[in-house]
Amino acid sequence: QVQLVESGGGWVQAGGSLRLSCAASGSIFSIPVMAWYRQAPGKQRELVAAVTRGVTSKYADSVKGRFAISRDNAKNAVYLQMTALKAEDTAVYYCNQLRIWGDWDKPSGSWGQGTQVTVSS
């Protein structure tokens, strides 16, 4: 099982942009689904975006049109480009892997430390 390390978080003003990266310790080529989750203070962890090995992607309604997920199998990395950030996007962001598209509550990897995103209004 690959280990995943998130980076790229930080503090940004509302309306700004950040690009998160998720680096894998090994090949992600065969992993069916890669996803980004987030957990805000006092809230449950939620799915933000997911992408298959192909081009199929899914986004939470709250980020549609503002966030874009991509994966680079050659670099064993997954990215989350975030634009038009809002205060409610403040959370710790995690990446993880899934075996089955749609099993959003059953990521198959271990949770890493995540990367903190703070959006100031």
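Taking TRP11, is it assigned to a strand (DSSP E or B), touching a residue at least 12 places away in the same chain (Cβ under 8 Å) and buried (at least 22 other Cβ atoms within 10 Å of the Cβ)? In short, no.
In segment 95-114, the residues that are on the phi > 0 side of the Ramachandran plot reach residues that are among the hydrophobic types (A, V, I, L, M, F, W, C) with C-beta atoms within less than 9 angstrom, at least six apart or across chains, in these pairs: GLY102/VAL33; GLY114/ALA91; GLY114/VAL92; GLY114/CYS95. Within the set ALA35, ALA40, the sole residue that is within 18 Å of PRO107 (Cα to Cα) and open to solvent by less than 60 Å² (accessible area, probe 1.4 Å) turns out to be ALA35. Of the residues ALA91, ALA84, ALA77, ALA50, which is in contact with a Phe, Trp or Tyr (Cβ under 8 Å, 6 or more places away or on another chain), within 19 Å of SER21 (Cα to Cα) and at pLDDT 95 or above? When all the criteria are applied, what remains is ALA50. Picking from residues in segment 14-29 that are open to solvent by 80 Å² or more (accessible area, probe 1.4 Å) and not in a strand (DSSP E or B), the one that is nearest to ALA74 (Cα to Cα) is PHE29.
Kindly indicate whether any position in segment 53-62 is open to solvent by less than 50 Å² (accessible area, probe 1.4 Å), β-branched (Val, Ile, Thr) and either touching a residue at least 24 places away in the same chain (Cβ under 8 Å) or outside any loop (DSSP other than H, G, I, E, B) (or both). No: segment 53-62 contains no residue that is open to solvent by less than 50 Å² (accessible area, probe 1.4 Å), β-branched (Val, Ile, Thr) and either touching a residue at least 24 places away in the same chain (Cβ under 8 Å) or outside any loop (DSSP other than H, G, I, E, B) (or both).
Tally time: how many residues in segment 36-52 are within 11 Å of TYR93 (Cβ to Cβ) and either more than 15 Å from the chain's Cα centre (by Cα) or not in a loop (DSSP other than H, G, I, E, B) (or both)? Give the steps one after another, and end with the answer.
Just the residues of segment 36-52 that are within 11 Å of TYR93 (Cβ to Cβ), to begin with: 36-40, 45-46, 48-49.
With the extra rule that they be either more than 15 Å from the chain's Cα centre (by Cα) or not in a loop (DSSP other than H, G, I, E, B) (or both), the set shrinks to 36-39, 46, 48-49.
Selection size over segment 36-52: 7.
The values are calculated or read from the model by the stated rules, or taken from the named source; none is laboratory data. Everything numeric here is computed off the predicted structure, so don't read it as measured data. Neighbour counts are summed over all protein chains in view; Cβ atoms, including those assigned to glycine, are modelled from backbone coordinates with ideal geometry. All accessible areas refer to the heavy atoms of the entire protein, side chains included, with ligands and DNA or RNA removed. Shrake-Rupley method; radii C 1.70, N 1.55, O 1.52, S 1.80 Å.
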